[in-house]
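None of the figures in this text is laboratory data; all of them are computed from the coordinates on show. What you see is a predicted model, and the numbers here were worked out from it, not measured in a lab. Heads up, the Cβs are rebuilt from the backbone with ideal geometry, glycines too, and the neighbour counts pull from every protein chain shown.
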Amino acid sequence: MSSIVQYVNRETGAVVTEQRHDTRLLQYFYGDEFGSQLMRRLVRRHLISKIYGWWFSRKVGTRKLEKFVKQFRIDMCEAEKPLGDYASCNEVFTRRLKANARPVQTDPSLLISPADCSMTITPALQGTRLFIKGGSYTLGELIEDDTKAKRYEGGSIAIFRLAPADYHRFHFPDGGNADAPRRIPGHLDSVSSQALEYDPAIFCRNQRDIVEFNSDGFGRMLIIPIGATIVGKIVETYNAGPVVRGQEQGYFEIGGSSIVIVLEKDKVVFDEDLIANRRKGLETTIKMGTRIGATPRPCREGVL
């Protein structure tokens, strides 16, 4: 497991190289036999998450919040409220942003990112099989429904991974009609790129919601928020029914988390920079509300 992580900053186009300080711990939990057993018996237990949830939700003073913000390198300049108005670390973690801090691309032909994140895409699935970090599993295994998975054969997926410093509310990538979420209970393993190198099937074991979404411009899709360490609780804040693009769907409580979006075949053309970065094995950092793809151009007289 490498301690060096590289990704493309979409705003600047620069390839950023970072030293991961938690790599040794992740290697112990996921690459060592004893550590892996410890992970299964302790870290995955929801009792641990409840304890951490209580700890980070308890009322603390501004000095503790300042230390928390510094530790996780959270940018409070865009937060809806000043730091002193938050009662707990979890309130800071699940903060809303100021109005217009994340302008939403309004063009109905464009698909937008649901979150601040590091993302990667797969333009075309091989059947319904997903390939992640050298491993693979089927969409049916991910959503625990082989019949519904068949609808997305040859389709496209986008994976959005949220780091602790990111804004942790997520939003609808288009307008449309959203069904009520179906919760699949599971573990709360790390979803970092390093953990996925050791165990690509983490997504199939972690707690997740399956939201079937009939979008205005991109057909039927699946939106799958996935919880992760250490609390990683998923809270859905929308009501089933009509939604507008950029509307808040929910948030993740303190910890790592991811979102997977699955689209039907030939419903989206991802942006060229995302495709190029994916070919290089690099994720792309992106902000909520910005474009990630577009509806395919219609054929006219046999020419695209």
Query - Cross-link pairs LYS59/LYS233; LYS233/LYS265; LYS148/LYS265; LYS98/LYS267; LYS148/LYS267 - those with Cα-Cα distance over 21 Å - result: LYS233/LYS265; LYS98/LYS267
**Report entry** Approximate spin-label separation LYS70-ASP273, in nm, with each point projected 7 Å along Cα-to-Cβ
**Finding:** 3.4 nm
Query raised in the report: According to the square roots a ≥ b ≥ c of the eigenvalues of the Cα gyration tensor, what is the shape class of the stretch 67-177, taking rounded for a/c under 1.5, prolate for a/b larger than b/c otherwise, and oblate for the remainder?
Result: prolate
**Report entry** Estimated inter-spin distance, ASN177 and SER136, nm [label 7 Å along Cα→Cβ]
**Finding:** 3.6 nm
Report task. Compute the label zone of ALA101 within the stretch 63-82: residues whose backbone N is under 11 Å from the point 7 Å along Cα-to-Cβ. Result -> 75-82
Query raised in the report: Between rounded, prolate and oblate, where does the stretch 110-294 land on the alpha carbon gyration tensor, with a ≥ b ≥ c its root eigenvalues, rounded for a/c under 1.5, else prolate if a/b exceeds b/c?
Result: rounded
**Report entry** Per-peptide average of other Cβ atoms within 10 Å, ordering 172-184, 243-255 highest first
**Finding:** 243-255, 172-184
Query raised in the report: Could you name the lysines in cross-link range of LYS64, using Cα to Cα under 18 Å and dropping any fewer than eight places away on the same chain?
Result: LYS81
